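Here's the structure we're looking at; comments come further down.
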Amino acid sequence: MKLTPLIIVAAMALGQTPEKKAAFDVVAIRMSPQDDGQDVDHDKGLFRAHNLTARRLMSLAYTLDVSEIIGGPKWLDSDRYDINAKIPAEFANANPSRLPEMIESLLADRFQLVIHREQRQMSGYALLADKKGTKLQPAKAPGKESESHSTGRHLVATNVSMEGLAKRLSREVMGVVVDRTGLKGGFDFELEWTPEKLLAADAASDDRPSIFAALEEQLGLRLEPAKIPVSAVVVDRAGKPNTD
């Protein structure tokens, strides 16, 4: 959270200490071998990212789909990086919501990233419920934290909201997806599909449906083209990081 000088002075006058900007302690960045796998995880005070582009890192920092991040040099989408970073002890057991702030600090420090935000209308999709009803099952344990696991073609979801599914679909269709189902709460479901890049390559060996058909057939949901108002991130400046 960025504080203006006026807020800082007011906090000091009240005897309060401004909230410390969350940042990683130690960061190692290497060029990735660019294999097929991509992975992000954090555990026991460490953050790891494998085979991620800088634009994908930005999507983690600003909790946006990559399609909502506009402009910047071509290498933001071509160069891929492996990152290992140490989370400071004071944040190691903190709410995971501080992690995007740490990635934002990393991008500003090592990638010299400067951005601004703009309100834009972007082409995307609305996630809608079938008029005849959905095939979704309410979560068996709604009190548990939402979690999902995907192999790229198979998604197993536990207590996932429609908003959460919309965000996952944004990565699959490479466009902004917003939840307009009107469905509240979490759901348990499985979804199998053929990724769009395989369909484009005419992969005859894979008989699973497209993500669009799978949603309708398996979950009673559908994606319809729509204009989506978004607060887009616009890249003003970025520089390649020094790698270890």
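Filtering region 46-96 to residues that are under 20 Å from Arg171 (Cα atoms) and among the polar types (S, T, N, Q) leaves Asn51, Thr53, Ser59, Thr63, Ser67, Ser78.
Restricting region 84-95 to residues that are at pLDDT 85 or above and more than 11 Å from Ile29 (Cβ to Cβ) leaves a set whose member that is farthest from the chain's Cα centre (by Cα) is Pro88. Of all residues in region 62-74, how many are surrounded by 14 or more Cβ atoms within 10 Å (Cβ to Cβ) and either charged (D, E, K, R) or over 17 Å from Glu118 (Cβ atoms) (or both)? Residues flagged as surrounded by 14 or more Cβ atoms within 10 Å (Cβ to Cβ) and either charged (D, E, K, R) or over 17 Å from Glu118 (Cβ atoms) (or both) within region 62-74 amount to 3.
Of the strands (runs of 3 or more DSSP E) lying entirely inside region 26-66, those carrying at least 1 residues that are of a type in the set (A, V, I, L, M, F, W, C) and out of contact with any His (no Cβ under 9 Å at 6 or more places or on another chain) are 26-31, 46-53.
Applying the selection to region 215-226, what residues are under 22 Å from the mean Cα position of the chain (by Cα) and surrounded by 16 or more Cβ atoms within 10 Å (Cβ to Cβ)? If you could, list the steps in order and put the result at the bottom.
Restricting attention to region 215-226, the residues satisfying the condition of being under 22 Å from the mean Cα position of the chain (by Cα) are 215, 221-226.
Scanning region 215-226 gives Leu215, Leu221, Arg222, Leu223, Ala226.
For region 161-177, residues that are within 25 Å of Ala141 (Cα to Cα) and in contact with a helix residue (DSSP H, G or I) (Cβ under 8 Å, 6 or more places away or on another chain) total 1. The residues in region 105-124 that are at pLDDT 95 or above and buried (at least 19 other Cβ atoms within 10 Å of the Cβ) can be counted, and the count is 6. Here Tyr81 does not fit the description of being aromatic (Phe, Trp, Tyr), closer than 23 Å to Ser148 by Cβ and modelled with pLDDT of 85 or more.
The values are calculated or read from the model by the stated rules, or taken from the named source; none is laboratory data. Values in this document were obtained by computation on a predicted structure and should not be read as measured data. No Cβ is skipped: glycine too gets one built from the backbone with ideal geometry, and neighbour counts run over all protein chains shown.
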